[in-house]
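**Q** The structure's right below; bear with me while I get my questions together.
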Amino acid sequence: MRDRSDTPDEAVAGGGLIHRRSLLVAGALSASGLGATLKAAPARNSPASMLEPGAPLSGYGEPGPAAAAIQRIVPALPFPGTGSSRTPLHLLEGTITPNGLHFERHHNGIPDLDPATHELLVHGLVRQPLSFRYEDLLRYPRESRILFLECSGNSGAIAADRPAQVSAGQLNGLLSCAEWTGVRLSTLLDEAGLDPAARWVQAEGADAAGMTRSIPLSICLDDAMIALFQNGEPLRPQQGYPLRLLLPGIEGNASVKWLRRLKVIAAPAFSREETSRYSDLLADAHAEIFSLRMGVKSIILSPSFGLDLKGAGFHEIGGLAWSGRGRIRKVEVSADGGASWAEAALTAPILPKALTRFRMPWQWSGGPAILMSRAIDETGAVQPRRADWIGKYGPGQGYHGNAIQSWRVDPLGKVSHVYA
């Protein structure tokens, strides 16, 4: 008997999901009917672009006409410099966020710092306090890693009573991924010499908000970095120039920008940003504090709100997955509201604490469908359903929103955000 699983376009779940290997088979599109729309191109004369010289060189590259329209999502802000702008994830491909589209979150504006005079002080429970300028850090061994950065308030709108009818970028755009280059924090702490009583590190930024967070020493000695470069160029002012703390897999506000001070302490400082904010209200009226690590999560970007389908037939369901605990092991997709699931194809490289792109071939019949994705990381953690996530927290919870999100496709191809 023939093994039907070897047939690339064989259905693997309800709603028209077909085997992920269809993405690798050259004839899959043609077999799905899309190839029938392709016709031989008529002979053409040389285009005008070939008849005269093009534009000259420039000192710094600018986006082309199509890319220039892709902008961060910036809401109306009550106070200048305070708030956030979001990455338009639904308009991008791959996993690396261009520097100009990396999300921003500021508590009191962007300071103007001079790298020649700005200093990072390491003090507290150390053998010898040390001070570093930007040029000092450039003399230390550097490493580069591709890592996601996510605000703990990202996707907080899923706690609302009604699903927000906004783009995937507006809903989830407090998330970006970049190649970060800098100096291991453990190198600087080792040079300062840790006191046996040291358990925490208090990080402080040089912005007008005096952003301050307490971080367990174990995180600081693991893979934490003093970042100096982003995607190959010096940090931009919006991302903490001249230097910032970068804590892989940890909620974004703890990766303090414009870093000026690291105080080694025996217990957390319980600052404003870890008591009145960035704590999780639980259903039993208690609150979790220092719940720093971001959970396993995935989002479907295509199709999504604003990216409607233009007819039945072969489509690709695609999106991003990530986890603060490590690598993504698997992403499953459903086209029938969670009644059945099929495994999506993951695009290499699959890196720890970085965004991973997933893709799923879909033969849409033209009927109503509800699309969902759920991620599983290398620790075995599974992305929760919204009802389970809501049940864990008390009213008003807006942090660490990693619940499964759902898009409804109606028979006309219009996509809306729904709770399923």
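**Q** Counting Lys and Arg as +1 and Asp and Glu as -1, what is the net charge of the other residues whose Cβ lies under 13 Å from the Cβ of residue 17?
**A** So the environment of residue 17 carries a net charge of -3.
**Q** Using a 1.4 Å probe on the protein heavy atoms, what percent of the accessible area of the range 259-330 belongs to carbon and sulfur?
**A** Here carbon and sulfur together make up 51 percent of the probe-accessible area.
**Q** Turning to a different aspect of this structure: Work out the charge dipole of the chain with +1 on the Cβ of Lys and Arg and -1 on the Cβ of Asp and Glu about the Cα centre, then indicate which of 49, 94, 391 is farthest towards its positive end.
**A** Checked the options; the winner is 391.
**Q** What FRET efficiency would be calculated for the residue pair residue 284, residue 179, taking the C-beta separation as r and a Förster radius of 60 Å, to the nearest 0.05?
**A** Here the calculated transfer efficiency is 0.90.
**Q** While we're on this one: Determine the dipole magnitude for the range 86-191: charges of +1 sit on the beta-carbon of Lys and Arg, -1 on that of Asp and Glu, nothing else is charged, the reference point is the Cα centre, and the result goes in debye to the nearest 20. Let's see the in-between values first.
**A** Numbers: 9 positive and 13 negative charges, 45 e Å.
Dipole size: approximately 220 debye.
**Q** Taking a probe of 1.4 Å, how large is the accessible area per residue of the chain, in Å²?
**A** 46 Å²
**Q** Right, something else. Find how much the distance from residue 275 to residue 416 grows on full extension, using 0.36 nm per residue of separation minus their present alpha carbon separation; answer in nm with one decimal.
**A** 47.2 nm
**Q** Measuring from label point to label point, each 7 Å out along Cα→Cβ, what is the residue 195 to residue 60 span in nm?
**A** Label-label distance for residue 195 and residue 60, simple model: 4.4 nm.
**Q** Provide the descending list of Cα extents for the range 239-384 along its principal axes, expressed in whole angstroms.
**A** 60, 41, 31
**Q** Next question. For every other residue with a beta carbon closer than 10 angstrom to the beta carbon of residue 235, add +1 if it is Lys or Arg and -1 if Asp or Glu, then tell me the sum.
**A** After counting each charged neighbour, the total is +2.
**Q** Also, quick follow-up: Using protein chains only and a probe of 1.4 angstrom, how many square angstrom of residue 347 are accessible, to the nearest 10?
**A** 50 Å²
**Q** Let me ask you something else. Round to the nearest 0.05 the FRET efficiency obtained for residue 74 and residue 112 when R0 = 22 Å and r is the Cβ-Cβ distance.
**A** Efficiency at R0 = 22 Å is approximately 0.60.
**Q** With every protein chain kept in the model, how would you rank 265, 96 by accessible area, 1.4 Å probe, largest at the top?
**A** Largest accessible area first, the list is 96, 265.
**Q** Here's something else I'd like to know. Residue 276 accessible area, nearest 10 Å², 1.4 Å probe?
**A** Probe radius 1.4 Å; accessible area of residue 276 about 90 Å².
**Q** Rounded to the nearest 0.05, what FRET efficiency do residue 82 and residue 293 give with R0 = 25 Å and r taken as the Cβ-Cβ distance? Could you check?
**A** 0.45
**Q** Let me spell out the model: positive unit charges on the Cβ of Lys and Arg, negative unit charges on the Cβ of Asp and Glu, origin at the Cα centre of the chain. What dipole size does that give, in debye rounded to 20?
**A** Its charge dipole is roughly 420 debye.
**Q** Rank 312, 269, 340 by how far each Cα sits towards the positive end of the charge dipole of the range 253-382 (+1 on Lys, Arg Cβ; -1 on Asp, Glu Cβ) and give me just the farthest.
**A** The residue sitting farthest along the positive end of the dipole is 269.
**Q** Ok, one more. Tally Lys/Arg at +1 and Asp/Glu at -1 over every other residue whose Cβ is under 11 Å from the Cβ of residue 322; what's the total?
**A** Once positives and negatives cancel, what remains is +3.
**Q** Okay, moving on. Report D for the chain in µm² per second (integer): Stokes-Einstein, Kirkwood Rh on Cα pairs, 25 °C, 0.890 mPa s.
**A** Taking Rh from Cα pairs, D becomes 105 µm²/s.
**Q** Post the alpha-carbon centroid distance, the range 53-85 to the range 324-380, in whole angstrom.
**A** Rounded to whole Å, the Cα centres lie 31 Å apart.
**Q** With the contact rule set at Cα under 8 Å and sequence spacing of 6 or more, what percent relative contact order holds for the range 288-364?
**A** In percent, rounded to a whole number, it is 33.
**Q** Tell me the mean residue ellipticity at 222 nm calculated for the chain from its helices only (DSSP H runs of n ≥ 4, each -39500 (n - 2.57), averaged over every residue, nearest 500).
**A** Taken over the chain, the calculation gives -1500 deg cm²/dmol.
**Q** Between residue 49 and residue 10, with labels modelled 7 Å along Cα→Cβ, what's the label distance in nm to one decimal, could you check?
**A** Each label point lies 7 Å from its Cα, and together they span 4.4 nm.
**Q** Pulled fully out, how much extra length does the chain show between residue 138 and residue 67, if you take 0.36 nm times their separation in residues and subtract their Cα-Cα distance? Please report the intermediate quantities before stating the final value.
**A** Numbers: separation 71, 0.36 × 71 = 25.56 nm, distance 3.33 nm.
Residue separation times 0.36 nm, minus the Cα-Cα distance, leaves 22.2 nm.
**Q** Sort 95, 87 by accessible area with a 1.4 Å probe, largest first.
**A** Most to least solvent-accessible, the answer reads 95, 87.
**Q** What distance in nm lies between label points placed 7 Å from Cα along the C-beta direction at residue 99 and residue 161?
**A** The two pseudo-label positions are separated by 4.6 nm.
**Q** Hand me the tally of lysine pairs in the chain: alpha carbons under 29 angstrom apart, and the pair either on different chains or 8 or more positions apart.
**A** 15
**Q** For the ranges 235-242, 355-362, what's the packing order if you count other beta-carbon atoms within 10 Å of each residue, average per peptide, and put the highest first?
**A** Highest to lowest by the protection proxy: 355-362, 235-242.
**Q** What is the range 274-420's relative contact order, in percent, from Cα pairs under 8 angstrom and six or more apart in sequence?
**A** Working: 356 pairs, mean separation 43.8, N = 147.
Once normalised by length, the contact order is 30 percent.
The values are calculated or read from the model by the stated rules, or taken from the named source; none is laboratory data. As the structure is a computational prediction, the values presented were derived from the model and not from experiment. Virtual Cβ from ideal backbone geometry, glycine too; neighbours counted across all protein chains shown. The area values use the complete protein model at the heavy-atom level, side chains included, leaving out ligands, DNA and RNA. Shrake-Rupley method; radii C 1.70, N 1.55, O 1.52, S 1.80 Å.
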